[in-house]
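Asker: Please find one structure pasted underneath; my questions will follow.
Taken together, the values in this text are just the output of simple stated rules run on the coordinates, not laboratory data. Nothing here was measured: the structure is a model prediction, and the numbers come from that model. No Cβ is skipped: glycine too gets one built from the backbone with ideal geometry, and neighbour counts run over all protein chains shown.
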Amino acid sequence: RRGVVNDTTDGHVALLDQVFSSKKETGTSRSKSTSTKGTATTISHRTRFLWFPYRHNFLFFSFYFFIMASNIGKAAAAGAVAMTGENTIVPECPVQPLASYHNPDVCLTKPSRPSQGLPGRKAIYDALTATGNGASMIPNMQTVVCPLEVQSLENPSAIRGFDTTWIVENTSSSPVVVAWVVNGIEYSPFEADKSAMDDPKAILKPGEWTSVPTFESFVYHVREIEEDGNAGKVVLQHRAGMVPIGNPHDYPCDASLPDVEPFDPNTGVRKQGFQRTATHPVRPCNTIDIGFRNQVGCPIHMYWANQLSGPEVPEEGFNCGEKFKFHLGTKPAPQDFMWDWNSMTKYEGSYIGHTFVAPFARDPNVVI
């Protein structure tokens, strides 16, 4: 699997567990004819680690949270220009049609959330703010594929976070069943008073996929269904949660430097180029609300780089200008954990195929 960051701890590939923060992961760096693993190299252009939900086969399934390593080429210069607020020097990144998982008719036939999320989303935000801890007690996302020994992903100290959507597809030749795990007991993810095997919506035949409305901290098992019709071994464990971003190559990071919000002195508002994108009043079907957590130790920016539509990440990256999406500071629980500039957590609505890059805020030429 070229260009994929591997986490050897859980035996899974590039699923957003704690892959950013763990020092056990290995990466692939490309510089034309040079390829090294697990180390940062001095090259004439920077290698970017891209985050995007995308389709890929993992034994029995397709999952959609991967970290890809790819030479971004001219987009590196575009990112540096974007940091200064100047005009981009390369074309804007293309906007491809959304993947079929987000077609309007999908939400008429599969379990789904309302366009703007569940009605209680504001209440969750208020409750998290009132604790004074913000989103710091929401666990990180974790996925284990084909565990040799099933160990619980439930975290007694974790709190329930925001609603989101999990998309899972069965690409095997055998049917599987998706189950919600509560205190070690498996239930249907769609009807809590049923067992997963008793709910037809929880069973995926080969080639089928489903969308699971869920909350951060919720845990799921996917089991293979045996020939006799009974639930077999667990082939996947998944916990919905925050996407952690760390510093796998240990680039120098000075947390003592000030993290100043870029205000325009003439208008008193944040400078153009560093503003959040307004949320559209009607979002596409199966919008995936993702929380990002900065575990680097110093401020970073997040840019939207592209929207992939093909089966592979291009060798030479994306020759297009990146767009600023949000800033991740270092404060775990500021006054407003979702919107304050210096907050280490931010949320973004995303879709299958969206690609993001994360450079240091102080230096866009260093992409972590």
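Asker: Over the range 215-368, what is the mean sequence separation of C-alpha contacts under 8 Å (at least six apart), divided by residue count, expressed as relative contact order in percent?
Answerer: RCO, the range 215-368: 22 percent.
Asker: OK, next. Go through 341-350, 112-121 and give me the packing order, highest mean Cβ count within 10 Å leading.
Answerer: Ranking, from highest mean packing down: 341-350, 112-121.
Asker: Would you mind checking the pairs LYS122/LYS271; LYS205/LYS346; LYS201/LYS323; LYS122/LYS331 and listing those with alpha carbons more than 31 angstrom apart?
Answerer: LYS205/LYS346; LYS201/LYS323, as the Cα separations exceed 31 Å there.
Asker: Along Cα→Cβ, 7 Å out, is where each label goes; now give me the distance between the ones at ASP198 and GLU226 in nm to one decimal.
Answerer: Simple spin-label model gives 2.1 nm for this pair.
Asker: Determine which residues of the range 263-287 fall in the zone a paramagnetic label at ASP336 would reach in this model, i.e. backbone nitrogen under 15 Å from the point 7 Å along Cα→Cβ.
Answerer: Of the residues in the range 263-287, 263, 269-271, 275-279 have backbone N under 15 Å from the label point off ASP336.
Asker: Once fully extended, how much extra length lies between GLU261 and VAL150, figured as 0.36 nm per residue of separation less the alpha-carbon to alpha-carbon distance?
Answerer: Roughly 35.5 nm would be gained on extension.
Asker: Quick one: length gained pulling VAL269 to SER173 fully straight, 0.36 nm per residue minus the C-alpha distance?
Answerer: Additional length available on full extension: 29.0 nm.
Asker: Based on the alpha-carbon gyration tensor of the range 319-368 and its eigenvalue square roots a ≥ b ≥ c, which shape applies: rounded if a/c is under 1.5, prolate if not and a/b is larger than b/c, or oblate?
Answerer: It comes out oblate by the Cα gyration axes.
Asker: Here's a follow-up. Order the peptides 240-246, 294-300 from the highest to the lowest mean number of other Cβ atoms within 10 Å of their residues.
Answerer: 240-246, 294-300
Asker: What is the spin-label model distance, in nm, from ALA123 to ALA278 if the labels are put 7 Å beyond Cα along the C-beta direction?
Answerer: Each label point is offset 7 Å from its Cα along the Cβ direction, giving 2.9 nm.
Asker: Please name which of HIS280, GLY241, CYS253 has its Cα lying farthest along the dipole of the range 239-280 towards the positive end, using unit charges on Cβ (Lys, Arg +1; Asp, Glu -1) and the Cα centre as origin.
Answerer: Going by the Cα projections, it comes out as HIS280.
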